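Participant: Before I ask anything, here is the structure I am working with.
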Amino acid sequence: MRQETKCIQAGYEPKNGESRMIPIIQSTTFKYDTSEDMGKLFDLEASGYFYTRLQNPTNDMVAAKITALEGGTAGMLTSSGQAANFFAVFNIAQAGDHVVSSTAIYGGTYNLFNVTMRKMGIDFTFVEPDCSPEELEAAFRPNTKCVFGETISNPSLAVFDFEKFSKAAHDHGVPLIVDNTFATPINCRPFEFGVDIVTHSTTKYMDGHDATVGGCIVDSGKFDWMAHADKFPGLCTPDDSYHGITYAEKFGQEGAFITKATAQLMRDFGSIQSPMNAYLLNLGLESLHVRVKRHCENAQKLAEFLENHPKVSWVNYPGLPSNKYHEMAKKYMPDGTCGVISFGVEGGRKAAEEFMKHLKVAIIATHVADAHSCVLHPASSTHRQLTDDELVAAGVGPDLIRFSCGIENIDDIIEDVSSALYEI
Ligand SMILES: *Cc1c(COP(=O)(O)O)cnc(C)c1O
């Protein structure tokens, strides 16, 4: 099946007389005839459901759809994108371990790594996305367990150099984990470029309608854990909490990572997505291919309009030939990048605030990447505690406006932006 067909059909095949839509199994528990039947599930001897804190059939059908879209072998939903990134890293790194991460990542992920996971005893080295192979090489340590990056970073819109990072990760015998939220598997399939594990905040384009917070992890099944067994004891030595099974042996390269994350992390942290939310997420996935295309067409036209406007001082959008990442975007995402643009207006902070006040189609919201156009001025909202100098150092100048292009008619979006620019 091609991507468009997978969006509609993958993950669930109704049998004779069954519901056409994915059923919502809104149940915490599942019934069994004998205790032995249930015991087999607890020993991971049989697959099935016993408690929705760990696994739920609705969630698994939706995860299977995303897994098919990414071209992976196993996947799971989580309660949020934050939970997905935490699980993906914590599944293979523990106290005393180390992770190499790109600096060009979502602020929430940066805080998760740099503050919360440091408190858990995991160390991080951050490298610039444009670092030289030598600088990247120097970031590794004997206890490095994975490398992390974002396909298109939120909000700096840096395009990730998959080849450079995957080569370095694999030279050191560790997997590359990439957050593919902004590109979605419609525009980019990171597994084709050497990535081993993909994560998503499904809250963004996948849901696409401002309806549900959620996340997802997908495994390519390509990383050979057993070949690096000394680095990954959690996958390659017996788990005493499951009668001594060894995940990489019992579930193979294809299933070990997700089975361990479900059996241990979901069991202990319970960051499950509710089945109702998974159902709503599936509705979003069904139109993902249509929406993403439209987001990108609209963003391209708006970026071109902004680039030619006298009151706009700069525009950052990888779809523009003038953009630093344009060539890399064409290589990894020939069909388009995402619907998010950042730009600055003449007159700095005051003018940016004034501009936003006059928008009518685009709303002011701390969100990106959904059907509704929305706009954020970080200097007066998410980053308002910072001084102008600190803002510049954080790569979010006082004049920066993040514009998430929705799927409304582009003429309405451009007219809205144009008249708001007229007011400043
Ligand atoms: C929003 C976002 C996250 C966090 O996801 P939540 O669903 O809000 O927890 C992670 N990564 C990226 C790239 C994001 O845009």
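Participant: Do we find a residue being within 12 Å of the ligand (Cβ to nearest atom), within 15 Å of ASP179 (Cβ to Cβ) and at pLDDT below 95 anywhere in segment 83-105?
Facilitator: Taking every residue of segment 83-105 in turn, at least one turns out to be within 12 Å of the ligand (Cβ to nearest atom), within 15 Å of ASP179 (Cβ to Cβ) and at pLDDT below 95.
Participant: Looking at (1) in a loop (DSSP other than H, G, I, E, B); (2) acidic (Asp, Glu); (3) loosely packed, with under 12 Cβ neighbours inside 10 Å, which is the only condition GLU36 fails?
Facilitator: So GLU36 meets the others, but not (1).
Participant: Is it the case that ASN111 is outside any strand (DSSP E or B) and either crowded, with 17+ Cβ neighbours inside 10 Å or more than 16 Å from the ligand (Cβ to nearest atom) (or both)? Spell out the reasoning first.
Facilitator: On the way: outside any strand (DSSP E or B): yes; either crowded, with 17+ Cβ neighbours inside 10 Å or more than 16 Å from the ligand (Cβ to nearest atom) (or both): no.
Judged against the criteria, ASN111 is not a match.
Participant: Hey, could you check segment 1-20 for residues that are part of a loop (DSSP other than H, G, I, E, B) and touching a helix residue (DSSP H, G or I) at 6+ places or on another chain (Cβ under 8 Å) and say which is farthest from THR246 (Cα to Cα)?
Facilitator: MET1
Participant: Take the residues in segment 67-82 that are within 16 Å of the ligand (Cβ to nearest atom) and of a type in the set (A, V, I, L, M), then tell me which one is surrounded by the most Cβ atoms within 10 Å (Cβ to Cβ).
Facilitator: Top of the filtered list is LEU77.
Participant: Considering only segment 353-369, state which residues are surrounded by 13 or more Cβ atoms within 10 Å (Cβ to Cβ) and more than 16 Å from the ligand (Cβ to nearest atom). Spell out the reasoning first.
Facilitator: The initial filter retains those residues of segment 353-369 that are surrounded by 13 or more Cβ atoms within 10 Å (Cβ to Cβ), namely 353-356, 358-359, 361-365, 367-369.
Passing the criteria: GLU353, GLU354, PHE355, MET356, HIS358, LEU359, VAL361, ALA362, ILE363, ILE364.
Participant: Cβ-Cβ under 8 Å, sequence separation 6+ or interchain: first residue in segment 198-225 and over 18 Å from ASP179 (Cβ atoms), partner of a type in the set (Val, Ile, Thr) and away from the ligand (no atom under 13 Å from the Cβ). Which pairs?
Facilitator: Close Cβ pairs (under 8 Å, with a partner that is of a type in the set (Val, Ile, Thr) and away from the ligand (no atom under 13 Å from the Cβ)) amount to GLY221/THR73.
Participant: Take the residues in segment 169-193 that are surrounded by 23 or more Cβ atoms within 10 Å (Cβ to Cβ) and among the small types (Gly, Ala, Ser), then tell me which one is nearest to the ligand (Cβ to nearest atom).
Facilitator: Within segment 169-193, the match that is nearest to the ligand (Cβ to nearest atom) is ALA183.
Participant: With of a type in the set (Lys, Arg), without any contact (Cβ under 8 Å) to a residue 40 or more places away in the chain and farther than 23 Å from HIS383 by Cβ as the only criterion, which of LYS167, LYS65 stands out?
Facilitator: When all the criteria are applied, what remains is LYS167.
The values are calculated or read from the model by the stated rules, or taken from the named source; none is laboratory data. Bear in mind the structure is a predicted one, so any value in this text is a computation, not a measurement. Ideal geometry is used to build each Cβ from the backbone, glycine not excepted, and the neighbour counts take in all protein chains shown.
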